[in-house]
Structures are given as C-alpha cells and as structure tokens.
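What follows is a short report on a single structure.
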Amino acid sequence: MIISCTIPVFFLQQVDNSNSKNNIKEIGDADLHKCLKNQKWNGLFLKYSEQCFACEDIMFWNAVEQFKSVTAERLKRELFYNIYRTYIRIGAPLELNIARREFGIPEIESQFNVLCKQVSYHHETLSVVGKSNNNNNNNNHQMGMSKSRYVDLSSSENISVRSDIFDQVQLGCEHNMRDNFYRFNLTHSEMSAKLVRRGLVHNDDNEGVLFNPVE
Amino acid sequence: MGNIVVSPHDKEGQHHMMATPTSNNPNGGSAATAKNKSEITVLLLGAGESGKSTLFKQVQFFHGVGITHDQERIELIEIVRLNVLENAKNLVAATQHLNIPIEQPENRETAKLIINSLNTNDLEDPSWSKRLYSLWKDAGIQKAYENREKFQLYDSTEYLFENLDRICSDKYVPTVVDVIRTRTKTIGITDMKFDVGDGKQLRLVDVGGQRNERRKWIHFFNTVDAVVFLTSLSEFDLNLYEDNGYWRVKESLRVFNEVVNNALFYKVPFVLLFNKRDLFEKKIATKSFSKYFSGFNEAEEKNPVACIEYMTKLFLNEITEHPLDTVSVKTLSAIDHDNSKQVFEEVKQFIMTQQHRE
C-alpha cells in the first residue's frame, strides 16, 4: 500500500516497447520517444542524466507511464500522491524545472488538495471520537501535508484521479530532456564509432548505436 | 557578425558542439584540483535566462568547437524549429490571454494549426515560411509582442521569425548564429575544458538557473577557482519563468547575494557580468526604466550608462562579505560574437591575474 518515491523507476518493464521496431522515418521527438520507450535505452539515458544532475525529468516521465498504466483507483491515487510530492510540489526532492502556471499544474495542485482534505478529515474524525466534535477544518490540509507518505489514502474512495492529469507536464519534461538527449546521443554515436574503428563491433550491429542518422 | 554556415564536411576528430560531462563524478575532480593547480574551474552562475549557456556556447565556438556530426546537425535543426513553434505558440496563447484578436482570418487559421497539430517536421515545407511570417506580421500578434513583458517569451522570437525563409526548407542547415540565438533551457550541469597556455586548462561549468536547478549548484562549490555571475540588464520589466508573480531583478539580486557572500567564495575571484546590453539599450528607448526603480532619477532614464551605473550600485550593495578588490564588473552582449570574445578574454585575464596573486 505504501509506495516509496523511488519505486516508479523499477517499473520500467511496464513501459510499452512493442512499437520500438517501428521504422517510419522521423526525427527529433520520435527519437526521444523511441529512447524513452525502450527499457535498455531508457536506463542508459537515465544513467547519463544522473551524471549531469538532470535525472528528474526521466524519472518523472517513467513514473507517469506507470501511473497511466494503472487502472485500480486506489493505486492510482497513491501514485498521484507520490508523484506530486516527489516532483511537483515546491521544494520537492526532485522538483521539475517547469513554469508553475502552465502544464496543467494548477489543476494538479487542486486535485492534490482535494485528496489531502478528504484524507485528513477522515483522520481527524477518527482521532476525535469520544470527544466533543467541533470539526475545525482550518488546518486540515496542513495535516495531510505533514503526514508524508504514510498517509492512508483508502478513505478517499470517492475521488477519482484522471489518467491524463500529468500529460502536459510529461510533455514539458520531454522538452526539458532535449538538450541532454542531444548530448547523450552524441556520446553514444561517438563511442560506437570508436568501437567500430577498433573492430570491436560490426557496423550493422545495433548494440552501440541508438539511432542511425537519417539516410 | 554574418551568418557562418558550418561546413557539413568538417575534419574528423574535431570536437563537437555540445560538451559532455568530462568526469562521471564532478566531486571526484576536487582532490585532483587541489594537488594539481593546472586546472582552473570557472563556474557560470545566475538566475534563469541570464545568458550563461549563450556565453558557454560562444566560448565553445571560439575555441574551435564546431558542428561536426550529421546527427548533431539533425538535432540542431530540431531545436531551432522547436524554438520557432514555441515562440509562435506563446504568441498565439498571449493574444488569447491578453484579449487581442488576431486580425486576418487566414492568420487565425494558421494560429489554430500551431496550437493543435503543427510539428517540427511540417516546417520542412517552405509554404510554412510565408504562413508563419504572415502570422508574425499580423497586427494582433504584433500588439501582443509589444506587450511581451506580460507573458513569457524568448529573446530569440524576432530573429527566428525574420529568418523563416531559411529555416522552413528541407535544405536548412543551422548557422552558428542560429545556434547562439536559440533558447534551450539548461537542465543540470555541463562543462568543457580548453587550454589557456602555461600548461594550464580552464574548465568552464554551465548550469541551469531556475530555482530547482540552483539546488544542484552546490555540487560544484568546493572545486571552484572563479565565479562568473551573469544577470540580464533587460529583465527589469519581466517576471520569472518558474514563478510568474515574482520580479526577475529581485530574484537576481537575491541569488547574487547568496552566491557572492558564500564563505566558500571569499578567496575566489568574482566577475559580475551585466548581460544583454544590446536588448537593454533597445528596451529603454521605448520603455520606462525609472518606473521600476524608485531610487532612480527619471530624467536619466534614457541614458544607458546612467542606468547601468545604477544597476551596478544595486548589485554591489549586496556584497557584505566578499573582498571588493577581487570583484570585477563588466557589461556584455552574449549574442554578439566579437563582444563575447573580448569580454571573455578580459574575464580570463582577470581570473589568471588574481590566481597569480595568491
């Protein structure tokens, strides 16, 4: 029930790579998508990005893929909650570099607040059983915030989180990745060129080369 | 500076355009630096869109780093065209936000396509050059552009729209100037090294400037030999990208204060660069500078020298800890190749002289 912030990274196997053999000639975004949707290259790109202190966009991207693949409402709420706290919240441990008034962030924020309100209200009514219930809900969502990941979201049963709520942020992250993806790509095409020159890899062996330059 | 087209057949073995991380662990370099003073690490710091990466790219170019790979060129085409689309989208969104109608019906059609479906591959078709240019010249879009301080827009907008005929073609090859003018938000940290004579190497470190990015800077603070802090002169009427209710100048001053007074930098030469002087001079010709600074004499507001002097005072007032004789202040137009070269040379000399004094 409690899902730690780092788990989404290990859910890569759920990333769909069935269409990675798609050979439509496209450049740019298509390459980045191919890389992200392929488990091996996703891992390599993530590793590269960690070295240049830029891993949050890929980790978020992966977390959202997992979030979108989940159908159970309860798990979805939990993932939503963790993603918000890990990447979106101001001061979050892996806060993304995105404009806060765009990318549907205001909607995500209000969804988070609704979720927290429900949860903390539930907690509070439990804790005041037997006492006079003066139902003060001023500090409700503060409580939800400080409850950190141990918050029990099972009480928010009537709340449904939209599967596409993070889509715009995910697009923004793809944008953010472009610069580093570009360098990552160069590093790999250089490395593979060296290997080919030394005769370690055959030219037609795809091991070292992510994408062939457009013919 | 004219548009230099980088030859598609550069020599093999030349450096490529973008730097790669030179070591897996940036902190790993610290022990080596302490023992061996042959490497001078210079940090480029500053808030978002102050021009750190533009200067970084300029330094790469005048140290012989060029666009050499086919793959590189393809990626650069993509980046330039993405910039065109983003600029167009931002402008169209602004007309809606500011309630300024796009006047011509055919431009409204173009705007719809931009928002809904246009992608970078479409821009290979030269017909888009005309359509986008016509949209750009639409009275509604121009009015939004005049009010660009009210929303987020890149400095490259005008340049890119004026060069659409080259960009929207299947023969498009990005020029050095295109690469310099293109805005790419830096995420994380990159560096490059080059020789500066006397068997010494200069390692230039470029970082992202938005709030979340600044938390990453600290990884480099221990290994620093000099800091170059950039701030944009032309941001006086702008708010932050990451927090649209916060004045950019206030943020720059705050970040400058934190960096310059950091105990780790007491003994380190410090350069403050007032960037975007070109844009600034254009801007004060039409916009009021004194409106934003109550302490500034209104009669002087069309005089760039007086304005820059005022800004300099504002920034130097923030220095409480750092010895003033190791602080140097300069102005810069980072998009101008010759100016960048000259200013960076001066910065390098200042840093080397200071190092020598130690």
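The values are calculated or read from the model by the stated rules, or taken from the named source; none is laboratory data. As the structure is a prediction and not an experimental result, all values here were calculated from the model. Positions of Cβ are backbone-derived with ideal geometry, glycine not excepted, and every protein chain shown enters the neighbour counts.
Scanning the stretch B:68-117 for residues that are in contact (Cβ under 8 Å) with a residue 40 or more places away in the chain, more than 10 Å from chain A (Cβ to nearest Cβ) and in contact with a Ser or Thr (Cβ under 6 Å, 6 or more places away or on another chain) gives B:V80, B:N83, B:N87.
Does B:N244 satisfy the condition of being at pLDDT 95 or above, at negative phi, out of contact with any helix residue (DSSP H, G or I) (no Cβ under 8 Å at 6 or more places or on another chain) and outside the structural domain of B:N147 (by TED's automatic domain parsing)? Considered against the rule, which asks whether it is at pLDDT 95 or above, at negative phi, out of contact with any helix residue (DSSP H, G or I) (no Cβ under 8 Å at 6 or more places or on another chain) and outside the structural domain of B:N147 (by TED's automatic domain parsing), B:N244 comes out as no. Taking the stretch B:304-340 as the search range and keeping residues that are over 24 Å from the mean Cα position of the chain (by Cα) and not aliphatic (A, V, I, L, M), which one is surrounded by the most Cβ atoms within 10 Å (Cβ to Cβ)? Result: B:H322.
Of all the residues in the stretch B:221-253, those that are more than 15 Å from the chain's Cα centre (by Cα) and of a type in the set (S, T, N, Q) number 4. From the list B:A111, B:A93, B:A47, which one is in the same structural domain as B:V260 (by TED's automatic domain parsing) and among the aliphatic types (A, V, I, L, M)? Among B:A111, B:A93, B:A47, only B:A47 is in the same structural domain as B:V260 (by TED's automatic domain parsing) and among the aliphatic types (A, V, I, L, M).
Could you look through the stretch B:51-67, keep only residues that are under 17 Å from the mean Cα position of the chain (by Cα) and farther than 18 Å from B:V224 by Cβ, and pick out the one that is farthest from the other protein chains (Cβ to nearest Cβ)? Outline the logic, then answer.
We begin by selecting, within the stretch B:51-67, every residue under 17 Å from the mean Cα position of the chain (by Cα); these are B:51-62.
Subsequent filtering for residues that are farther than 18 Å from B:V224 by Cβ retains B:51, B:53-54, B:57-58, B:60-62.
Working: B:G51: 16, B:S53: 9, B:T54: 13, B:K57: 11, B:Q58: 17, B:Q60: 12, B:F61: 16, B:F62: 20 Å.
Looking at the filtered set, the residue picked out is B:F62.
For the stretch B:158-183, the tally of residues that are touching a residue at least 60 places away in the same chain (Cβ under 8 Å), surrounded by fewer than 21 Cβ atoms within 10 Å (Cβ to Cβ) and polar (S, T, N, Q) stands at 1. Hey, any hits in the stretch B:305-320 for a residue that's more than 19 Å from B:R254 (Cα to Cα), of a type in the set (A, V, I, L, M) and out of contact with any Phe, Trp or Tyr (no Cβ under 9 Å at 6 or more places or on another chain)? Checking the stretch B:305-320: at least one residue is more than 19 Å from B:R254 (Cα to Cα), of a type in the set (A, V, I, L, M) and out of contact with any Phe, Trp or Tyr (no Cβ under 9 Å at 6 or more places or on another chain).
Identify all residues within the stretch B:249-270 that are among the hydroxyl-bearing types (S, T, Y) and farther than 17 Å from B:G51 by Cβ; write none if there are none.
Within the stretch B:249-270, B:Y266 is the sole residue that qualifies.
Test of understanding: among B:K200, B:K143, which residue is away from chain A (no Cβ under 14 Å), more than 30 Å from B:W247 (Cβ to Cβ) and touching a helix residue (DSSP H, G or I) at 6+ places or on another chain (Cβ under 9 Å)? One residue alone meets the criteria, B:K200.
Just one of the numbered conditions (1) away from every other protein chain (no Cβ under 14 Å); (2) touching a helix residue (DSSP H, G or I) at 6+ places or on another chain (Cβ under 9 Å) is not true of B:A263: (2).
Just one of the listed residues (A:S110, A:S49) is within 11 Å of another protein chain (Cβ to nearest Cβ) and outside any loop (DSSP other than H, G, I, E, B), and it is A:S49.
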